[in-house]
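Reading through the structure tokens given below for one structure.
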Amino acid sequence: MSNRNSPVWVLMSPSALWLGVFFVAPLLLMAAYSLRPDMRGGLFALGWQPTLKQYQAVIEQGSYLWLLGISVGMAFMVALVATTLSYPLAYFLTFRVKASAPILLTVLILPFWTSYLLRIIAWKIILGSNGLINNLLVSSGLLHEPLALLLYSRQMVVVTLVYVWLPFVALPITAGLQRIDKSLLEAAAILGAAPWESFLRITLPLSLPGVIAGFFMVFIPTVGEYVTPLLVGGSAGSMYGNIIETFFGDGLNWPLGSALAFIMLIGVLALVGAVSRLVDLRRFVG
């Protein structure tokens, strides 16, 4: 190795070590657990024979895969709605405000300064039987009794997750819009293009890298979400991540939980890979 490349490896080593210890090693450990027949002998037991028993149990129990499909659908809906709502916000911050843009960006990231759990609990209070929405509906005379459907449903889980992820999606879209060369828009206007034509032919295609990044930034972690469904969805709004958490917690069946987690990981990677081939992401990010 040349001395010229040595500083690069010195700078990369801490990050690589951190990823190896806290990301790669847990994944490998979970892969090993998914091949264990049971938890006899404790976490670090030796001498057990690798088996696909846990994966077979997941496939035979169709409700697990059905819940995974529901979670994928919910994650897709959350990512789609969050991206659709974030794009006008990012466009406004990029092209319609100038002096106040830093202030508005600060307001946008303000939710990051508070606890994720506190924001979810706040939504639980808002949607509850004695919450803000039900109190407004009852006091205005539109309802005679509170709506129980506002809480503990998959619809409310989607609404809450859209709120949580909205700022995350807006930031990469804003970054993508800010990289667009403004002279292209000026040239389009000089050549007689209408504003909507400039948007469809210039702004939207050039901002797609940020849009795609924001979409998958929401979609991938939402598939395995379990905190929000637990607090807002209850038993009626549970997702695939809640089943995994059950086996790692009260169920104390780490092999089955690991198998469920790896099936989710493989499924999400396969889905993202298929979408990337169909959409040909290299056209936008290459």
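The values are calculated or read from the model by the stated rules, or taken from the named source; none is laboratory data. Treat the numbers as computed from the prediction; the structure is a model and nothing was measured. Using ideal geometry, Cβ is built from the backbone for each residue, glycine included, and neighbour counts are taken over all protein chains shown.
Of note:
- If you filter segment 76-114 down to residues that are in a helix (DSSP H, G or I) and β-branched (Val, Ile, Thr), you find that the one that is farthest from the chain's Cα centre (by Cα) is Ile103.
- Selection count where residues are touching a residue at least 24 places away in the same chain (Cβ under 8 Å) and either farther than 22 Å from Thr84 by Cα or β-branched (Val, Ile, Thr) (or both), scope segment 167-188: 4
- Within segment 247-254, none of the residues are closer than 22 Å to Arg154 by Cβ and of a type in the set (S, T, N, Q).
- Filter result for the condition that a residue is of a type outside the set (Asp, Glu), modelled with pLDDT of 80 or more, surrounded by fewer than 19 Cβ atoms within 10 Å (Cβ to Cβ) and within 16 Å of Ser238 (Cα to Cα), over Ile125, Ile70: Ile70
- Condition met for Phe215 (closer than 15 Å to Phe95 by Cβ and either among the aromatic types (Phe, Trp, Tyr) or exposed (fewer than 13 other Cβ atoms within 10 Å of the Cβ) (or both)): no
- One residue stands out in segment 157-200 among those that are of a type in the set (Asp, Glu) and more than 31 Å from the chain's Cα centre (by Cα): the one that is farthest from Met74 (Cα to Cα), namely Glu186.
- Which numbered condition Leu118 misses (of (1) more than 19 Å from Ser235 (Cβ to Cβ); (2) in a loop (DSSP other than H, G, I, E, B)): (2)
- Subset of segment 80-119 that is touching a residue at least 40 places away in the same chain (Cβ under 8 Å) and among the hydroxyl-bearing types (Ser, Thr, Tyr) - its residue that is farthest from Gly210 (Cα to Cα): Tyr116
- Within segment 30-50, being closer than 12 Å to Ala259 by Cα and either of a type in the set (Gly, Ala, Ser) or part of a helix (DSSP H, G or I) (or both) holds for Met30, Ala31, Ala32, Tyr33, Ser34.
- Considering only residues in segment 83-102 that are crowded, with 17+ Cβ neighbours inside 10 Å and among the small types (Gly, Ala, Ser), the one that is nearest to Ile220 (Cα to Cα) turns out to be Ser86.
- Leading residue by the ranking (farthest from Gly234 (Cα to Cα)) among those in segment 134-156 that are outside any loop (DSSP other than H, G, I, E, B) and out of contact with any Pro (no Cβ under 9 Å at 6 or more places or on another chain): Ser139
- Test: residue in segment 172-185 that is outside any helix (DSSP H, G or I), among the hydrophobic types (A, V, I, L, M, F, W, C) and farther than 30 Å from Ala57 by Cβ: yes
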